[in-house]
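All of the numbers you see were taken from the coordinates with simple rules; none came from a lab. Bear in mind that the values here come from a model prediction, so they are computed numbers and not experimental data. Cβ placement follows ideal geometry from the backbone for every residue including glycine, while neighbour counts extend to all protein chains displayed.
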């Protein structure tokens, strides 16, 4: 595998636009995610670090902000790299996302472990002052599966933190069989899913 797991994702809750920093198990910065503010279409750029000197990927919606949008990945040469989209109608209930390869074929999907945890986290987070502690009480978990054999590949878990959202990505049994390209594509999918779920509540 390309990365040293677990990976940690951090972004400030009070930021106008998401700025996600991804570090590996040794604390080394791997990716820096920058999203345009007030854009009509989602436009997310992923750099090698916070200096933004090297752009590695870009994620763009295929239409004006909409729940049914598909988010297309391109690499540093603007070549198709895969995509992610939400499955089904918008709902406060259990979220499922579909991941496609560069040819548009579904390869994996992401599902919530326990949707009640996310709902409790969202509701408590809306209460003034008390909401600051919601991140210490509820920890939503998501699982990424291989769509062919339903083998779990990654687990993403929200962790306790003040004034920022912190997530951990840990490999599961199916991760050992991933190619480098697949690993990078699935990581992009998890990064985009975190941003979409944040705006969704």
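Taking other C-beta atoms within 10 angstrom as a stand-in for reagent exposure, 83, 179 fall in the order 179, 83, fewest first.
The listed peptides 184-195, 70-81, ordered by packing as a protection proxy, come out as 184-195, 70-81 (highest mean of other Cβ atoms within 10 Å first). Placing R0 at 22 angstrom, the Cβ-Cβ distance between residue 63 and residue 198 gives a FRET efficiency of 0.65 after rounding to 0.05.
Apply 1/(1 + (r/R0)^6) to the Cβ-Cβ distance of residue 151 and residue 181, taking R0 = 22 Å, and write down the FRET efficiency to the nearest 0.05. Approximately 0.75, to the nearest 0.05. For residue 111 and residue 36, the difference between the fully extended length at 0.36 nm per residue and the C-alpha to C-alpha distance is 24.3 nm. Given their separation in residues at 0.36 nm each and the Cα-Cα distance between them, residue 55 and residue 172 gain 39.3 nm when the chain is fully extended. Here the label points at residue 26 and residue 70, each 7 Å from Cα along the C-beta direction, are separated by 3.9 nm in the simple model.
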